[in-house]
Structures are given as structure tokens and as C-alpha cells.
1. If a paramagnetic tag sat 7 Å from the Cα of A:Ala94 along the Cα-Cβ line, which residues of region A:28-71 would have the backbone N under 17 Å from that point?
2. Using a 1.4 angstrom probe on protein heavy atoms only, which residues from region B:106-122 are buried by at least 20 Å² of accessible area when all chains are present rather than their own chain alone?
3. What are the ³J(HN,Hα) couplings of region A:80-86, residue after residue, when phi is run through the Karplus curve with 6.51, -1.76, 1.60 and θ = phi - 60°? Round to Hz, x for glycine and proline.
4. A:Val120 label points, 7 Å along Cα→Cβ, one per copy: pairwise distances from this copy to the rest in nm, shortest first?
5. Going Cα to Cα from B:Lys35, which lysines come in below 18 Å? Please leave out same-chain ones fewer than 8 positions away.
6. Pick from B:Leu51, B:Leu160, B:Leu139: which residue has the top mean-square fluctuation in a GNM of chain B where Cα pairs under 10 Å get a spring?
7. Mind checking region A:102-173 for GluC sites (Glu not before Pro) that DSSP puts in a loop (not H, G, I, E or B) and that have at most 12 other Cβ atoms within 10 Å?
8. Select from A:Val12, A:Val40, A:Ala140 the residue farthest towards the positive end of the dipole of chain A; place +1 on Cβ of Lys and Arg, -1 on Cβ of Asp and Glu, and compute about the Cα centre.
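The values are calculated or read from the model by the stated rules, or taken from the named source; none is laboratory data. A quick note: this is a predicted structure, and the numbers were derived from the prediction, not measured. No Cβ is skipped: glycine too gets one built from the backbone with ideal geometry, and neighbour counts run over all protein chains shown. To get the accessible areas, we keep the full protein, side chains included, count just its heavy atoms, and leave off ligands, DNA and RNA. Shrake-Rupley method; radii C 1.70, N 1.55, O 1.52, S 1.80 Å.
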2 protein chains.
Amino acid sequence: MTITLTSAFLPVFKRALRNMDHFLDKAIANAAARKFSPDVLAQARLAPDMLPLTSQVRIACDAAKLAVARVGGLTAPKFEDNETTLAELKTRIASTLAFLESVPADALDGREDVEVTFPVGRDATRTLKGADYLRHWALANVMFHTTTTYALLRHNGVDLGKQDFLLGSDEAI
Amino acid sequence: MTITLTSAFLPVFKRALRNMDHFLDKAIANAAARKFSPDVLAQARLAPDMLPLTSQVRIACDAAKLAVARVGGLTAPKFEDNETTLAELKTRIASTLAFLESVPADALDGREDVEVTFPVGRDATRTLKGADYLRHWALANVMFHTTTTYALLRHNGVDLGKQDFLLGSDEAI
């Protein structure tokens, strides 16, 4: 089947978020086994001036949601950014996935050259064509924040491996 | 311009490797400013049972190189896996990029359904169609290992920010 703008990127976003949800499941189980609250991990950081795990999960979700909405001309659901527990972060992921699952399989097709304007930092915007925004901005953001979530948990002793990153809880592709 | 299998993924691989090269430049400069050998960073790990920075850079390069070679039916250059310094890792990235730059802009086009068999672990292989292998395996690997390289350097105090991850040394997209 010939690749399209939707089929190139939407399945990647969905898989990345599903796998991130699986990291949180393993983190919750690992914390129980080691007898501490899993929510300690929600505030974990790799460096003092880097965002904590809560923000990594939120931004991964939003990067995927907003990319699909902006390129596809759709309205994405808004969330409160008030999660403090891994269970709440799992709900954020589930809500984002529900939106992504609701998107038609051709929602982005043919929208390679649509101009997308998005915020960068607090006071600036940037405009890119749909294809460039998806491959060089949204995709990089989704993968950056899902990988950083993995790295934070791995650094804190959660028993994750590469297969968890690539496949989550399901070996099928 | 309509997206194709090559234009969806090859530019993402090239940008990720160029940006990773930029992380190493900043690491070298940061180590000089803090007066330690940058090559200390080559052995940095986020967890004792996680691969060090040298391996993260090598695997990111190889994931990109092998994906393009396997799906495109091309021969990728082989490297020795003997780098111990950041300068040598920069050479590895440059050699990989030279290969990726040599690939025709339509090298992967129309190869969505070609069957690709690749090693997983030491004694097993997996077979996926070209499009699935690119979006769900090769891309995830390239982004995982470039992000982990960033995370390792960031965790060790190198002054990297999100713009370095997304854009490297060049604001243009």
C-alpha cells in the first residue's frame, strides 16, 4: 500500500503513546515491588533544569494531538495539565489516544503543503508546511518526550528494555 | 509535494544524525569550558545496565544506515565499532551521513511492501514490510538512540536545550 501523509505519521504517534502508557504500567508495578509510591517518579528529572516526568508525558501527548489537529484542520481536546500521579498521566494518554483513534485514516492526506503556524517558546511562532511540520517538528517532539520518559524511568531503576520501547505490551506490528 | 516513502523518512534520519553531531560539538565545548576531557562522556550511562554514549551514537547511525540499505536494496558501508572518543564518534556520524546523502531521493519509493528481514537480539530475526519496518522499527530506533545521547549529555551538565534537539546548529527546516 502506498504511503500517505496520514499513514506515515499517525500510526507512529499512536504507537509511541501506547508504548509510553506501557512504561507507566511497568513503573507502577516496579514501585509496588520496591515498596515506594509510584507517584514519586512523576517528579523525577534527568537534570535540575529539565522538565519532570509529568511534563514529558503531557508534552508527548500534546505534540501528537496538536500535530494531527493542525495539519488535519481538526479540533483537538484540551486537557488541564494538572496530573500529579502516574494513574492520572495514564488517563491523559488514554484521552489523547481516543482522539487519535477518532481521526479518519486519510485525515492528513494531501495536506503536505498546508501552512501550519505554531508557538515556539513564549512569544514567537513559526510557520512550516504540513509535511515539514510533521516530520521535522511534531515527530521529533513526540519521540523526544516518549524517549525521555523511558530514560527517566530507566534511570530510576524501572525494569524497561528496548523491546518495551519499540513494542510496548504487544509484539505485533 | 506528495509524500513518498523516501521523503517521509530519509530526511528525518539525516536531520536526527546531524543534530546528534551538534550535541557532540556542544559536549566537546562544554567539557573544555569545565576543564575535563570530553571523552569521559563517551562512557557515560543513564543506568549501569544501559549502553554507554558510544553505543548510543553507533546504534543511531546503524539504525538509519541499515534501514535505508535494507528497504532500498542498497549496500551500506561497514564500520569497526571501535570509537572511544567524541571526535571518532563524529567521524562515524559523518560517514553515515555521507552514505545517506549518496542515496537517490527516490531510493525507497514504491518499496512499502518489500519484505525486510533483520536481526532482533542475538539468535532471532523478524520480517516486516518496508513501510512498517521504517515507521515502527527503524525510525523508533534512530529517535530512541539520538534522544538517549542527548539525555546522557544533558544529565552530565552539557548545556543543551530543545532547540538543539529539534534544529541542531541550523534554524532552517
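1. A:28-29, A:58, A:61
2. B:Glu112, B:Asp113
3. After applying 6.51 cos²θ - 1.76 cosθ + 1.60, I find 7, 6, 10, 5, 10, 10, 5 Hz.
4. Listed shortest first, these distances are 3.7 nm.
5. Qualifying lysines at Cα under 18 Å: B:Lys26.
6. Highest fluctuation of the listed residues: B:Leu51.
7. Those satisfying the criteria are A:Glu171.
8. Value: A:Val40.
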